[in-house]
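Here's the structure, in structure tokens; my notes come after.
Any read-out appearing in this document is the output of simple, stated calculations on the displayed coordinates, not a laboratory observation. Not measured: the values here are computed from a predicted model. All Cβ positions, even for glycine, are placed from backbone atoms using ideal geometry, and neighbour counts span all protein chains on display.
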């Protein structure tokens, strides 16, 4: 439970710092900062972790390198969302990121988790 609270707080701080760097702080509130921090760390886990061989805060690593990689992912997320100023464009980016994650996690790595097995069983993916 305490790890979850630390994850939320660190995600909020990372989202806030990223929004200050990208100058989007006036448009965001606390909930948006938390979402940007956590989803940014998720994106960093997909794109930046393999490059730097460092895990993110989503994997329970709260070291300085992990915080910097998570911050880079949050900045990347805000840069992409600046391309799409409206909510629909942002949601499209999030859906694309989730589809990329599902593809790499469930097909390329052939995970045997219940989630991946249920995704592979979807009729329109056969």
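Worth pointing out:
- When each of the peptides 65-75, 8-18 is scored by the mean number of other C-beta atoms lying within 10 Å of its residues, the order from highest to lowest reads 65-75, 8-18.
- At q = 0.15, 0.27 Å⁻¹, base-10 log of I(q)/I(0) for the range 12-69 (Debye sum, equal scatterers on each alpha carbon): -0.40, -1.04
- Cα-based helix-to-principal-axis angle, 64-83 vs the chain, degrees rounded to 10: 90 degrees
- Between 49, 19, 112, the residue with the greatest mean-square fluctuation in the GNM of the chain (Cα pairs under 10 Å linked by springs) is 112.
- Choice from 38, 64, 80 with maximal GNM fluctuation in the chain (Cα, 10 Å cutoff): 64
- The chain: angle of helix 2-21 to the longest principal axis, Cα-based, in degrees nearest 10: 60 degrees
- Value of D in µm² per second that Stokes-Einstein yields for the chain, Kirkwood Rh from Cα pairs, at 37 °C (0.692 mPa s): 215 µm²/s
- The chain: angle of helix 87-102 to the longest principal axis, Cα-based, in degrees nearest 10: 50 degrees
- Listed by Cβ neighbour count within 10 Å, with the fewest neighbours leading, 115, 42 appear as 115, 42.
- Among 51-63, 22-34, the order from most to least packed when residues are scored by Cβ within 10 Å on average: 51-63, 22-34
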